[in-house]
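Participant: Structure incoming, see below.
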Amino acid sequence: GRIFVFCLVFGGARPAAREASQSCRAAAMAIDSLLGGAAMGRMLLAAVGFALALQPAHAEMYCGSDNCYEVLGLERATADAATIKKAYRKLSLQWHPDKNPDNKEAATAKFQSIATAYEVLSDDALREAYDYSLDHPEEHMYNKMRYYRAVYQPKTPLWAVLLGLISLTSCGQYYHWNERAKAFKQSPQFAKMLEEEYVRNCTRGRHGYQTGELTSDKKAEVKAAFLEQLAEDPDVPFSPPRWSNTVIPALVYHAPAAAFKWLKWRVTNHKVIEEEKAREAEERRREEQEEQEAAEEEERLAAEKEAKRSKNAALLAERQKKEKEKKERWAEEARREAEEEAARKADAGGESLIVQGKVASVEELRKKGHFLVEVAYGSDGEDRVQLVVVDKPVEVGQTAKVALEGAKMPDGKVAKRSKVAGEWSEGVLLELGAAPPPSAPTDTAAPEEAAEEAVEEEDISSAGGAGDAKARQRKKKKGG
């Protein structure tokens, strides 16, 4: 479509171009399909269309307004190469200008039209394009394109072009090597190398060379031998030109010979080659098997790791479950013990929570002025309560009045269990009696037993802490 618009723009000023718009469209579509829609083909088509649009309106193709078959007096259906050639010879002899001196201008025009008709019909491509134009006269632009393509297409065969190119390349190679050898022989580097060779062939070295030890014949002999040596050295840019090293011998002889040697080697070493192929295939199979085993091992390790992780998670969940059950059991036991303690106190007939007892043990805490005191109360002194006394000197054996947890104190407040200096105080010290009198010096057994009992109780208190003292009290109460 773009080529069609292009034809209308550049040829629209002429009546012939406007009349041929439909043929231009058909030609553009045909050429576009022949060239496969390639960008280069479209550019070529645009150039052809531009050239055709700028061509004069009176330009003629083939035989002009005449029919080429009628000019030679032939029928299109029966005309073949032999018939066309025969008719051309006959008419060219009849209308040759030299044989018609009386009407030379008319004979010349007729002779030219006969030659043009023969030129069109004797060329297969041009005749095919001409027959198509006779069958499709409405496709004006497409017929023009086919005409110019048939007229101006190369006539030389491709093999001839390739052969000429190869021959030219071979000649260029030969000339290049010849000129390179000449240039090397005329270079200062070659002159220096040749002089060193002359010096090596002198018995007295450079002095002999400078004094004329070598004759002209000897120099020529040394030079010839040196050139032969250089020709065999691949590192030296000197080699005599040989036609055997050009492209034609390489394509005609060297390449086929190398291919034949390679084929012969393949046939001769077929068994070795097959064994090598089998060995390589076995190595590839082994490598693939090792890779597969490595992948399976990785998968196995990953599965084991995942199973171990799942097992650890299950063990952790089980441990957490057991810990939770243990805590719940402990909480249940503590609740039950509290209920039993409350029931026991209720059964005691409303025993008062303010008790009177004696100090059983005293322990000084790390914090200055703080003492951990254990008071024994009850009828037999088996009930114990742990207190934290601040800034009051306390001695073992002193009487103490204590308000237990939940007791209503004289000031109206309720005694509560509290934590002081890192230890639990299970009550509040209300009164502290006088210190006990010192014992007689003769009776040493009782103080020693009391001291040992105090030390033992102090050790137990320090080792078990407030929780152990509470547990001992509960056990004593249960036993009572």
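The values are calculated or read from the model by the stated rules, or taken from the named source; none is laboratory data. Because the structure is predicted, anything quoted here is derived from the model rather than measured. Positions of Cβ are backbone-derived with ideal geometry, glycine not excepted, and every protein chain shown enters the neighbour counts. Surface areas here come from the heavy atoms of the whole protein model, side chains and all, with no ligands, DNA or RNA. Shrake-Rupley method; radii C 1.70, N 1.55, O 1.52, S 1.80 Å.
Participant: What's the carbon and sulfur percent of segment 156-252's accessible surface, probe 1.4 angstrom, rounded to a whole number?
Facilitator: Answer for segment 156-252: carbon and sulfur cover 58 percent of the accessible area.
Participant: Sticking with this structure for a sec: Of 392/419; 367/419; 90/144; 85/110, which ones are farther than 20 Å apart at the Cα?
Facilitator: Listed pairs above 20 Å: 90/144.
Participant: I've got another one for you. Hey, what's the Cα Rg ratio for segment 66-129 versus the globular rule of thumb, 2.2 N^0.38 Å?
Facilitator: 1.12
Participant: Sticking with this one: In the P(r) worked out for segment 185-244, what percent of Cα pairs fall beyond 20 Å?
Facilitator: That tail contains 30 percent of the Cα-Cα pairs.
Participant: OK, next. Using a simple spin-label model with points 7 Å from Cα along the Cα→Cβ vector, what separation in nm is obtained for residue 174 and residue 365?
Facilitator: 12.1 nm
Participant: Whole-Hz ³J(HN,Hα) for each residue in segment 325-334, computed from phi via Karplus 6.51 cos²θ - 1.76 cosθ + 1.60 with θ = phi - 60°, x for glycine and proline: what do you get?
Facilitator: For segment 325-334, the Karplus curve yields 4, 5, 5, 5, 5, 5, 5, 5, 5, 4 Hz.
Participant: Another question, if that's okay. So which trypsin sites (Lys or Arg not before Pro) in segment 177-267 end up in coil per DSSP with only 16 or fewer other C-beta atoms within 10 Å?
Facilitator: Those that pass, being in a loop and sparsely packed, are 204, 242.
Participant: Right, next: Of all accessible surface on segment 284-373 at a 1.4 Å probe, what whole percent is carbon and sulfur?
Facilitator: Looking at segment 284-373 in its full context, I get 50 percent from C and S.
Participant: Still on this structure: What FRET efficiency would be calculated for the residue pair residue 125, residue 165, taking the C-beta separation as r and a Förster radius of 22 Å, to the nearest 0.05?
Facilitator: 0.35
Participant: While we're looking at this one, here's another question. Quick check for you: with a 1.4 Å probe and neighbouring chains kept, what is the accessible area per residue of segment 62-157, in Å²?
Facilitator: Accessible surface, normalised per residue, equals 63 Å².
Participant: Sticking with this structure for a sec: Translational diffusion coefficient of segment 237-313 at 10 °C, 1.306 mPa s, Stokes-Einstein with Kirkwood Rh over Cα pairs, in µm²/s as a whole number.
Facilitator: Result for D is 87 µm²/s.
Participant: Now for a different question. In nm, what is the difference between 0.36 nm times the number of residues separating residue 183 and residue 232 and their Cα-Cα distance?
Facilitator: The span from residue 183 to residue 232 would gain 15.9 nm if fully extended.
Participant: Could you state the number of Å between the C-alpha centres of segment 120-147 and segment 253-298?
Facilitator: 59 Å
Participant: Quick one: divide the alpha-carbon radius of gyration of segment 111-168 by 2.2 N^0.38 Å and tell me what you get.
Facilitator: Computed over Cα atoms of segment 111-168, the ratio equals 1.47.
Participant: Can you tell me the Rg and the Dmax, both Å, for the Cα atoms in segment 105-251?
Facilitator: 32.5, 98
Participant: Summing +1 for each Lys or Arg and -1 for each Asp or Glu, what net charge is found among the other residues whose Cβ lies under 15 Å from the Cβ of residue 186?
Facilitator: Summing Lys and Arg as +1 and Asp and Glu as -1 gives +3.
Participant: Sticking with this structure for a sec: Using R₀ = 60 Å, calculate the FRET efficiency as 1/(1 + (r/R₀)^6) where r is the Cβ-Cβ separation of residue 417 and residue 293; round to 0.05.
Facilitator: 0.30
Participant: Please give the contour-minus-distance gain from residue 322 to residue 273: 0.36 nm per residue of separation, less the Cα-Cα distance, rounded to one decimal in nm.
Facilitator: Answer, rounded to one decimal: 10.4 nm.
Participant: Over segment 254-387, what portion of Cα pair distances is larger than 17 Å, expressed as a whole percent?
Facilitator: Here the tail beyond 17 Å accounts for 82 percent of pairs.
Participant: With respect to the cross-link table entries 322/408; 324/416; 358/416; 327/416, which display a Cα-Cα separation exceeding 31 Å?
Facilitator: Flagged as over cut-off: 322/408.
Participant: Reachable lysines from residue 182, Cα under 23 Å, same-chain residues fewer than 8 places away excluded?
Facilitator: Partners found: 192, 218, 219, 223.
Participant: Within 10 Å of each candidate Cβ there may be at most 16 other Cβ atoms; applying that plus a DSSP loop requirement, which GluC sites (Glu not before Pro) in segment 374-427 survive?
Facilitator: 382, 395, 405
Participant: Rounded to a whole number of µm²/s, how large is the Stokes-Einstein D of segment 177-303 at 4 °C and 1.567 mPa s, given Rh as the Kirkwood radius over C-alpha pairs?
Facilitator: Approximately 62 µm²/s, per Stokes-Einstein.
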